[in-house]
Amino acid sequence: MRLQVGHRVLDLGCGPGTDTIPLAQFVGLTGQVIGVDIDSQMIEIANKKAKEADVMDRVLHKHFDSESIPYDSDYFDSCRSERLFQHLLIPERTLSEMVRVTKPEGWIVVADTDHSTMTIDTPDVDIEWKLRRFRTEIFKNGYIGRQLYRLFRQQNLADITIEIFPLFSTDYTLTRYIALLDEIETEAVVAGAITEEELQRWHKNLERANEEGVFFSSVILVIIAGRKS
C-alpha cells in the first residue's frame, strides 16, 4: 500500500477492526483510516476496539455498501480489502469504486482466497472433489482468487504485483471449524452433492488420519496490488 504518515486509507470489509487499528500506526497522528463493513454489529465492535486503543481520533468505522462508497473521487491515498470479494456477486463494482476513490498514483490492494484450491489428503478423492466444488460454490464468489489479476487489468491498474500464500493445517479439529465442514457436509448431503454413505466413509478416513497424526489440508490465498495511473 506504500503507506506514509499523513495518508488517508480505506479498508473495505473491515470486520471488527482487525486491521484498521494497526494501520493507525502507519498513518500517524495526521493520517486517517476509514473502515467500512455492511455488518452494523462489526462496526460497533470495531469502534469499541478503536476507543480502547485510543485511536478514534484517526480511525473511523462506517456502515455502508462497498458498491457505493460515499466519498469523493481521488480521496484516499490507498485502498485495501481482505477476504471481502469472495462474498460479492459482482466484484467488479466494488473494485471500480475502490479505484474511483483512490488518488492518482495511489495503490489498491486486495487479498482473497480461491476456495477451489482447498485440498485434504484422503483416499476418498472422489468425495473430496465433490465437497470441494460444493463448498467453493456456497460462496457468492468462491473462485475470486484466480480472478483478481483479470479484474485489476480490466481497471487499467499499473505496476500490478501478485503474491501467493499457501496456507496449510495439520489440525483436523481446527480445519473443520475454519472451513465450516460441519455445515458444508450437511448441506451437501441435503443438496444431493454426496450421499450419506459417502459422508460416513469420508468421516471414517479423516478421523483415521487424525488418530494417526497424518491429517493435512491446504489452500491458497492471493494478494494483488495495483497502482492507479
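The values are calculated or read from the model by the stated rules, or taken from the named source; none is laboratory data. Since this is a predicted model, take the numbers as computed values, not measurements. For neighbour counting, all protein chains shown are included, and Cβ atoms are generated from backbone atoms with ideal geometry for every residue, glycine included.
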Original post:
Quick one: which of Lys62, Lys49 is surrounded by fewer than 19 Cβ atoms within 10 Å (Cβ to Cβ) and assigned to a helix (DSSP H, G or I)?
Top reply: Lys49
Original post:
Looking at Ser73, Ser81, Ser66, Ser40, which one is without any contact (Cβ under 8 Å) to a residue 60 or more places away in the chain, touching a Leu at 6+ places or on another chain (Cβ under 8 Å) and either on the phi > 0 side of the Ramachandran plot or polar (S, T, N, Q) (or both)?
Top reply: Ser66
Original post:
Taking Asp124, is it touching a helix residue (DSSP H, G or I) at 6+ places or on another chain (Cβ under 7 Å) and of a type in the set (Asp, Glu)?
Top reply: yes
Subject >> Whichever residue in segment 121-144 is assigned to a helix (DSSP H, G or I) and aromatic (Phe, Trp, Tyr) and, among such residues, is surrounded by the most Cβ atoms within 10 Å (Cβ to Cβ) >> reply: Phe134
Original post:
Could you say whether any residue in segment 56-70 is over 18 Å from Val5 (Cβ atoms), among the β-branched types (Val, Ile, Thr) and modelled with pLDDT of 95 or more?
Top reply: no
Subject >> Lone unmet requirement of (1) in a helix (DSSP H, G or I); (2) over 30 Å from Asn210 (Cβ atoms) for Gln86 >> reply: (2)
**OP:** Name, by its number, the condition in (1) surrounded by 15 or more Cβ atoms within 10 Å (Cβ to Cβ); (2) of a type outside the set (D, E, K, R); (3) within 30 Å of Arg93 (Cβ to Cβ) that does not hold for Thr161.
**Re:** (1)
Original post:
Is there a residue in segment 168-176 that is of a type outside the set (Ser, Thr, Tyr) and in a helix (DSSP H, G or I)?
Top reply: yes
Subject >> Residue match in segment 197-212 (condition: farther than 30 Å from Met98 by Cα and not in a helix (DSSP H, G or I)) >> reply: no
**OP:** Just give me the residues in segment 214-229 being surrounded by fewer than 17 Cβ atoms within 10 Å (Cβ to Cβ) and among the β-branched types (Val, Ile, Thr), in sequence order.
**Re:** Val214
